[in-house]
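S.K.: Before anything else, here's the structure in question.
Rule-based calculations on the coordinates, nothing more; no lab input. Owing to the predicted nature of the structure, the values given are computational and were not obtained by experimental measurement. When we count neighbours, we look across all protein chains shown, and the Cβ atoms used for this are built from the backbone with ideal geometry, even at glycine.
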Amino acid sequence: MMTYMAQLSSDTTLTLASGRHMPIMGLGTSQLADSGAAEAAIAAALNLGYRLIDTAKYYGNERSVGAAVREFVASSKTPREEIFVTTKLWHDDFDDPRAAFDASLARLGLEYVDLYLIHWPRPAMPKALWRSLERLYEEGLARSIGVSNFGIAEIDEFLSYANVPPMVNQIKFNPRDHDFALAEHCARNAIVVEAYSPLGRRSLLGESVVERVAKAHGKSAAQVLIRWGLQYRVVPIPKSSSPERLAENLQVFDFALSAEEMAALDALG
Ligand code: NAP
């Protein structure tokens, strides 16, 4: 897969097929259930400069995400439009996506979401499912729409009848778990890949090749893993609840991995 070596900065965005701008990296929030601590972590991220927050009905934290975003917008006078909030439709709700979306929006306390994703595919998904997301897009309630954990066959099925094609596919993407053929298929169809578990849920931090590359750049293992994703032009969304690690994970725009280092990391796959 082609790497992307253009100058990147924390305010770099990718343009989605909707014409909307998606920040080049963001914050994951799974395992941060609704609580004061979750709200504090998300507030800390926003104050540090994170502008993309990834939540889902399934994570049980839309209330905390919404409260932190609303408080940040009110106190910092940052326009709501500068924060990119994603939430997701769980497959138990495939029969009534509209009700599930309305409930998510109510928990978030927002007027719209920036991205609404189908969290996981299921066999034999009815066309009406994607039509519901298309309607949310047309009504402006979901500024962009997409999918998650979709493979090539599922993407092609949706593309065969979509009026509004999916704009994002959120998939596991890190040096150990990466499907370059899927990522290239997404790119060919103007679908941005968003990379979940970019740190392999910490399991990649102690890999010797990651440590070697990190040492060569005076960076941490986490920073190398996030940078690897950025150079593949995917949108990494590392999760952290610690202000120190949140700050660390943003310091990925002052170094670049060489083609050899990228290949050495790829070989973990
Ligand atoms: P991850 O981001 O790869 O790893 C998160 C873990 O790494 C946490 O335990 C975190 O602990 C730790 N960590 C973060 N920064 C660190 C650092 N600099 N140094 C050391 N440890 C660090 O895994 P993930 O949470 O699975 O994936 C990220 C996000 O992707 C999720 O939160 C979620 O939003 C999304 N996701 C989506 C799906 C899907 O099906 N669409 C599936 C999985 C995940 P601390 O919090 O203690 O820092």
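S.K.: From (1) within 17 Å of the chain's Cα centre (by Cα); (2) surrounded by 14 or more Cβ atoms within 10 Å (Cβ to Cβ), pick out the condition that doesn't hold for ASP11.
M.R.: Every condition holds for ASP11 apart from (2).
S.K.: Return the total of residues in the stretch 43-66 being surrounded by fewer than 22 Cβ atoms within 10 Å (Cβ to Cβ), within 18 Å of PRO243 (Cα to Cα) and over 17 Å from the mean Cα position of the chain (by Cα).
M.R.: Here the count works out to 4.
S.K.: Also, quick follow-up: Is there a residue in the stretch 220-236 that is more than 23 Å from SER10 (Cβ to Cβ) and touching a Phe, Trp or Tyr at 6+ places or on another chain (Cβ under 7 Å)?
M.R.: no
S.K.: Of the numbered conditions (1) among the small types (Gly, Ala, Ser); (2) exposed (fewer than 14 other Cβ atoms within 10 Å of the Cβ); (3) within 30 Å of LEU205 (Cα to Cα), SER76 satisfies every one except a single condition; which is it?
M.R.: Evaluating SER76 over (1) among the small types (Gly, Ala, Ser); (2) exposed (fewer than 14 other Cβ atoms within 10 Å of the Cβ); (3) within 30 Å of LEU205 (Cα to Cα) leaves (3) as the failure.
S.K.: Checking LYS88 against (1) in contact (Cβ under 8 Å) with a residue 60 or more places away in the chain; (2) surrounded by fewer than 23 Cβ atoms within 10 Å (Cβ to Cβ), which single condition isn't satisfied?
M.R.: The number of the failed condition is (2).
S.K.: Residue pairs, Cβ under 9 Å, 6 or more apart or interchain, first in the stretch 252-263 and crowded, with 16+ Cβ neighbours inside 10 Å, second part of a loop (DSSP other than H, G, I, E, B) and of a type in the set (Ser, Thr, Tyr). List them.
M.R.: Sorted first by the residue in the stretch 252-263, then by its partner, the pairs are VAL252/SER10; PHE253/SER9; PHE253/SER10; PHE253/THR12; LEU257/THR3; MET262/THR3; MET262/TYR232.
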